[in-house]
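Taking it in order: structure first as structure tokens, then the write-up.
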Protein chains: 2
Amino acid sequence: MADYLLGIDLGGTNIKIGCFDRELNLISKTSVPTGSEMSPEAIVEKFYATSNDLLSDNGLSLDKVCAVGVGVPGIVDVNTGVVMACPNLPLFRQVPLKDMVSKRMGKPAIIENDANVACWAEYVNGAGKEVDHMIMLTLGTGIGGGIICDGRLIHGPTGGAAELGHMIIELDGRPCGCGQKGCVEAYASASSTAARATEAVEGGAKSTLTAILKENGEITCKDVFDHANNGDKLTKDIIEGTCKALGLICVQLANIFDPQTIIFAGGMIAAGDAFLNQIRHYFKQYIGGLYQKGSLKICFATQGEDAGIIGASSLALTA
Amino acid sequence: MADYLLGIDLGGTNIKIGCFDRELNLISKTSVPTGSEMSPEAIVEKFYATSNDLLSDNGLSLDKVCAVGVGVPGIVDVNTGVVMACPNLPLFRQVPLKDMVSKRMGKPAIIENDANVACWAEYVNGAGKEVDHMIMLTLGTGIGGGIICDGRLIHGPTGGAAELGHMIIELDGRPCGCGQKGCVEAYASASSTAARATEAVEGGAKSTLTAILKENGEITCKDVFDHANNGDKLTKDIIEGTCKALGLICVQLANIFDPQTIIFAGGMIAAGDAFLNQIRHYFKQYIGGLYQKGSLKICFATQGEDAGIIGASSLALTA
């Protein structure tokens, strides 16, 4: 009987594939490098070969797999299974990936945006397991979003919804790569947090980061958090700005969705409870008296690096 | 056969009741006064008596009605049919209105927040008839919101979603009745537009409204639009502020939902196309390059004062 699921996490530099049973227990996983120059056909062929290797290493075969889910780092029309565009995989434009995967693997397939996949992983297996209304924000180079409302991912008509990183927090504020100004992504992503610190140091602000910039030629987000922990005033202010921005976004989302849980994910959550508590602090400050029930839980994701393959496997069940 | 629907629009000063056929053609409608001091029991009794009068005036009776929908000006838990609270009907706290109506009328009933009901009316019969992803903002004393995503109203777990008037557009901005600061409602509702004009005039700004304030003791939102049309500089600036705020909210909602249509409703839409075009202008300015497809339609509601009974009747079909 076909008792297993394959979850594929397609990234700009790696393809991760996990094999799970129907209860989402991980059987085995693997990762192979990819390249931004690879064609969709070559990538689907890599899905097929790598999946076969993974399965046979575990005494299984594709016969035992009931469906395949794929997370894609771009805009996906889930109705048609077409990848509209992927910033980091330029050859993926208007690619009918669902049909291609389904045909090559000989299985029902489902294609989904990677931020939505990670959000779904938290919903079925992580910090959102107990709720039906949750939102996830992934803090990385940009800020990705996923929204689950009444147990369903929100896609919009063509997969363009949940672009939460492009909510504007300051009119005519910092320019964002998207063409807007003042997006939360331009302040509070890992990259933008580092960029704001770099700009301040380059502008002559007093900070222990000055030496880091001189030595390494750059300041990372981790540097900012490390130096804040060591008492550096400037970096504390920079992080406060990040937390204010994220607290404000939580207020906006609370008013729009009244979610039970807002989950933060991505490398920045390594900053730990002090970071989380500062976001909660500004949420409470900005929400004023409105949120009297105070039931909204703001927390960190729990599914880590496997979120992509877990979420994709779970979504495969709906293929 | 039970071929008719009753739609009830409960307001702070009136109860409107409409009888419709299953294709939402209006058979007849009526309106009776209510009062904020009325008990839920008395109001349900009024629903019953008024509905019977309306039906018998049209040669019908409750036997011919298959279901009843009620729009309520407050927070409604649609899962339980309980009205949690109504600002303008203080005796409505934790009232199991759905059960009360269903029992008294002897029909299946559905209870829904009035902004959601009006939004649903546009969805089934008005400016959102051709789409499945739409948002409505009602500009009145406050700003009410309704969101339809993939053909479903968004409620949140207990009816607290779609509080779009309380999206913050300016951190630490104008105080709002909700306890937050900087809500769009505090800038761009009809009342707040009038209030900003009043404050400017009282602060000594030069405007033809100065005479109005002296004469009438107050400035209304209609005054602001009238004087802007007559070339008054201050009031033009005030309206520009309102349109900027609403354009910004459209950008936020476009990024979150990627809706096909955003609809404005309420008395302020009497200001007409110049007002609408100015909102569109700021939407386009703030959305930058992101919304390349440019497919979002921003328009006015078409269902007017009957939206409440139309939407409630249509929702009754799902009771």
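Numbers at a glance
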read-out	value
Separation in nanometres of the label points that stand 7 Å from Cα toward Cβ, at B:S36 and A:E199	4.7
Partners for B:K29 among aspartates and glutamates (Cα-Cα distance below 20 Å; same-chain residues under 8 apart left out)	B:D3, B:D9, B:D21, B:E45, B:D53, B:D57, B:D63, B:E112, B:D114, B:E122, B:E305, B:D306
Peptide-level mean, for A:149-157, of C-beta atoms on other protein chains within 10 Å	6
Computed over segment B:205-296: relative contact order in percent, which uses C-alpha pairs under 8 Å that are six or more apart	28
Neighbourhood net charge (12 Å Cβ-Cβ; Lys/Arg +1, Asp/Glu -1) for B:E240	+3
Positive-end residue, segment B:61-219 charge dipole about Cα centroid, Cβ charges, pick of B:V95, B:Y187, B:G156	B:V95
Under 14 Å, Cβ to Cβ, from A:E215 - net charge with Lys/Arg +1 and Asp/Glu -1	-2
Averaged over B:247-260, number of beta-carbon atoms from partner chains that fall within 10 Å	6
Value of relative contact order over segment B:1-138, rounded to a whole percent, pairs C-alpha under 8 Å and six or more apart	22
DSSP beta bridge pairing in the protein assembly as shown, given as percent antiparallel to the nearest 5	60
Environment charge of A:G308, counting only residues whose C-beta is closer than 15 Å and scoring Lys/Arg +1, Asp/Glu -1	-4
Distances in nm from B:D226 to the matching label points in the other copies, shortest first (labels 7 Å along Cα to Cβ)	6.8
Chain B, relative contact order [Cα under 8 Å, separation at least 6], %	21
Candidate aspartates and glutamates - alpha carbon under 17 Å from B:K206, same-chain residues fewer than 8 apart omitted	B:E215, B:E218, B:D223, B:D226, B:D232, B:D237, B:E240
FRET E, pair B:E23, A:N79, Förster distance 41 Å, beta-carbon r, rounded to 0.05	0.90
Shortest-first nm distances, B:L26 label point to equivalent points in other copies (7 Å, Cα→Cβ)	6.2
Estimated dipole of chain A in Debye, rounded to 20 [Cβ of Lys and Arg +1, of Asp and Glu -1, Cα centre]	420
Cα centroid separation - segment B:231-263 against segment A:1-80, whole Å	44
Cα lying deepest toward the dipole's positive end in chain A, options A:N113, A:I15, A:L54, charges on Cβ	A:N113
Cβ charges +1 (Lys, Arg) and -1 (Asp, Glu), total dipole of segment A:168-319, debye	480
Per-residue HN-Hα couplings for segment B:2-19 [Karplus 6.51, -1.76, 1.60; θ = phi - 60°; Hz; x = Gly/Pro]	7, 9, 10, 10, 10, x, 10, 10, 8, x, x, 10, 9, 10, 9, 10, x, 10
Helical contribution to [θ] at 222 nm, DSSP H n ≥ 4, -39,500 (n - 2.57), averaged over chain B, rounded to 500	-12000 deg cm²/dmol
Teacher prompt: B:G272 distances to equivalent labels in other copies, 7 Å Cα→Cβ, nm	6.4
Cα gyration tensor shape of segment A:134-190, rounded if a/c is under 1.5, else prolate or oblate by comparing a/b with b/c	prolate
For chain A, alpha-carbon Rg and Dmax in angstrom	20.5, 66
The protein assembly as shown - charge dipole about Cα centre, Lys and Arg +1 at Cβ, Asp and Glu -1, debye rounded to 20	280
Kyte-Doolittle mean at least -1.0, axial Cα span of 24 Å or more - DSSP H helices of chain A	A:40-57, A:233-257
Listed residues B:I43, A:L296, B:C243: farthest to the positive end of the dipole of the protein assembly as shown (Cβ charges)	B:C243
Cα-projected label distance for B:T302 with B:E170, points at 7 Å along beta-carbon direction, nm	3.6
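Each value in this text was obtained by applying a stated rule to the coordinates, not by laboratory testing. Quick caveat: nothing in here was measured; it's all calculated off a predicted structure. Cβ atoms come from the backbone with ideal geometry, glycine included; neighbour counts cover every protein chain shown.
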